[in-house]
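Bear in mind these aren't lab numbers, they're just calculated from the coordinates by the rules spelled out. Since the structure is predicted, the reported quantities are computational estimates derived from the model, not experimental observations. Backbone-built Cβ (ideal geometry, glycine too); neighbour counts: all protein chains shown.
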Amino acid sequence: MDITQTIALTMGVAWASGINLYAAIVMLGYLGSIGNIDLPPELHVLTNPVVMLAAGVMYCIEFFADKVPGVDTGWDLIQTFIRIPAGAVLAAGALGDVGTGSQLAAAITGGTLAAGSHLVKAGSRVLINTSPEPFTNWFASVGEDIAVIAGLWTALHHPLLFLLLLGLFIILMVWILPKIWRGIRKILARLGRLAGISGAVAENQPSSMTNTRK
């Protein structure tokens, strides 16, 4: 791999890990095992059948969990502690054996990028879950899977194009994350008001019943 391909793969696995880690592992492991791509030595472990099987099972679980409103948000919350560290590790591994300092820099950058893509995914799902119908979740979930597969394929075969698209994604991410956060705050405030109303009703019920008995 030349430097452009290495950088594209490093950033690609980090970005994809934040959206769907298991799809990224299965895809890279499969392509590496059939000889379609030459993985860096540090990522050869992904071609291990046991690793691919475990990632495949977890992908199937995520495939269904990701399409149920509410469950997808809970799943994303758990995955916060998995996707981001894994993105950092995969980014460092994709860089290859170029020295501890460079691998640490790749891990820091990769972990940050994985955190960003994860927050965009998880935050947008919270907003989508305010819709009463489930179809938006299904479309979003399938779209994310397609984006991960297409993004990694582009990173492997058209690294310059991928880096350009990644730059656009980062700009979009910086712009959209504050808006997602404001939307989530509005939802939390609305839930807080509803909880306050419910609490007030619950407190008033005993006194009303007492007055009725009198």
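Write out, first by first residue and then by second, each pair whose Cβ atoms fall under 7 Å of each other, whose residues are 6+ apart or on separate chains, and whose first residue, in region 137-153, is farther than 16 Å from Ala14 by Cβ while the second is among the acidic types (Asp, Glu).
Final answer for the pair search is Asn137/Asp72; Ser141/Asp66.
Across region 77-135, which residue is surrounded by the most Cβ atoms within 10 Å (Cβ to Cβ) among those that are among the hydroxyl-bearing types (Ser, Thr, Tyr) and within 12 Å of Gly18 (Cα to Cα)?
Ser117
Are there any pairs, at least 6 apart or on different chains, whose C-beta atoms fall under 8 Å, with the first in region 53-74 and free of Cβ contacts under 8 Å to residues at least 12 places away in the same chain and the second among the acidic types (Asp, Glu) and outside any loop (DSSP other than H, G, I, E, B), and if so, which?
Here the result reads Ala65/Asp72, each pair linking region 53-74 to a residue that is among the acidic types (Asp, Glu) and outside any loop (DSSP other than H, G, I, E, B).
Do the conditions hold for Arg125, that is, is it more than 15 Å from the chain's Cα centre (by Cα) and in a helix (DSSP H, G or I)?
no
From the set of residues in region 37-78 that are assigned to a loop (DSSP other than H, G, I, E, B) and closer than 24 Å to Ala155 by Cβ, which is nearest to the chain's Cα centre (by Cα)?
The residue in question is Asp66.
Those residues that are aromatic (Phe, Trp, Tyr) and outside any helix (DSSP H, G or I), I need them from region 147-183; list them, please.
None; the set is empty.
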